[in-house]
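First comes the structure, then the notes that go with it.
The values are calculated or read from the model by the stated rules, or taken from the named source; none is laboratory data. Owing to the predicted nature of the structure, the values given are computational and were not obtained by experimental measurement. Virtual Cβ from ideal backbone geometry, glycine too; neighbours counted across all protein chains shown.
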Amino acid sequence: MKSQKDNLIEAEVKAAVLFAEAESRNLIIAGKSEKELNKELFELAHEIFGIEKYWHKRIVRAGSNTLKPYAENPPDLVIKDDDILFVDFGPIFDEWEADFGRTYVLGNDPVKLKLKRDIESAWHACKAFFDRERNITGAELYTHCCESARQFGWEFGGPIAGHLIGHFPHERLETEIKTNYIHPDNHRIMREPDQSGNARDWILEIHFVDFEKQIGGFFEQLLT
């Protein structure tokens, strides 16, 4: 029988396949709206994996909308020739959740390309910090993510830097206290087991922004 971790890794691998297929089919291009691309990605996921359920709203954000955190619902924008955009999907594979986010740059703008590189580098650096600090709390990791943004020359754009992931944990996330999030008010050690004594698995999400340039980027995947 597969463990929770095995199922989560398998779900994430499938999400990565979905994103790679979207790129290979050249879906992420200028001239279409965020909603149009969102619909195309939904249809692609259904075609490849038969996915119909998502545990959170599907997000495609371009241009100035990349500044907006998850909870906001900005107006639909059309993707431009030299745009930066990110995709954040939470597909459900065989009742197991994935949460996967990536940034894309159309064109050769050096600042946007740097942002794309930096958020991925920061994700791996923050994971390394988490791996070293065995008793780290959610608040401490959130603070480190914000410091990482400043080190790379950006601001951290989200009120959280991740959350629990598993077998439908989203059914509880919205109403529970901040201990389910990588959040400044979460002072619980992240590696502590749940109430049943089981290990808890986490998603780490990095959202860097530049309000002056009106751009942001996002990178998200399994932390544990």
| said: For the structure I just gave you, tell me whether residue 110 is closer than 26 Å to residue 51 by Cβ and out of contact with any Ser or Thr (no Cβ under 7 Å at 6 or more places or on another chain). | reply: no
| field | Failed criterion for residue 149 (all others in (1) touching an Asp or Glu at 6+ places or on another chain (Cβ under 6 Å); (2) part of a loop (DSSP other than H, G, I, E, B) hold) | value | (2)
| query | When both residues are 6+ apart or on different chains and their Cβ atoms are under 7 Å apart, which pairs have a first residue that lies in segment 156-184 and is more than 28 Å from residue 66 (Cβ to Cβ), and a second that is at pLDDT 90 or above and basic (Lys, Arg)? | reply | 179/188
| Counting only residues that are modelled with pLDDT under 95 and of a type in the set (A, V, I, L, M), which one in segment 161-184 is surrounded by the fewest Cβ atoms within 10 Å (Cβ to Cβ)? | 177
| request: Would you check which residues across segment 23-76 are closer than 23 Å to residue 163 by Cα, basic (Lys, Arg) and either modelled with pLDDT of 90 or more or part of a helix (DSSP H, G or I) (or both) and list them? | output: 61, 68
| task | Examine segment 94-113 for a residue that is surrounded by 15 or more Cβ atoms within 10 Å (Cβ to Cβ), over 30 Å from residue 185 (Cβ atoms) and in contact with a Phe, Trp or Tyr (Cβ under 8 Å, 6 or more places away or on another chain), and state whether such a residue exists. | result | yes
| message | Tell me yes or no: at least one residue of segment 132-139 is of a type outside the set (Phe, Trp, Tyr), under 16 Å from the mean Cα position of the chain (by Cα) and surrounded by fewer than 21 Cβ atoms within 10 Å (Cβ to Cβ). | response | no
| request: For residues that are surrounded by fewer than 18 Cβ atoms within 10 Å (Cβ to Cβ) and touching a helix residue (DSSP H, G or I) at 6+ places or on another chain (Cβ under 8 Å), scanning just segment 202-215, find the one that is nearest to residue 159 (Cα to Cα). | output: 211
| field | Residue tally, condition within 11 Å of the chain's Cα centre (by Cα), modelled with pLDDT under 85 and not in a loop (DSSP other than H, G, I, E, B), over segment 87-120 | value | 1
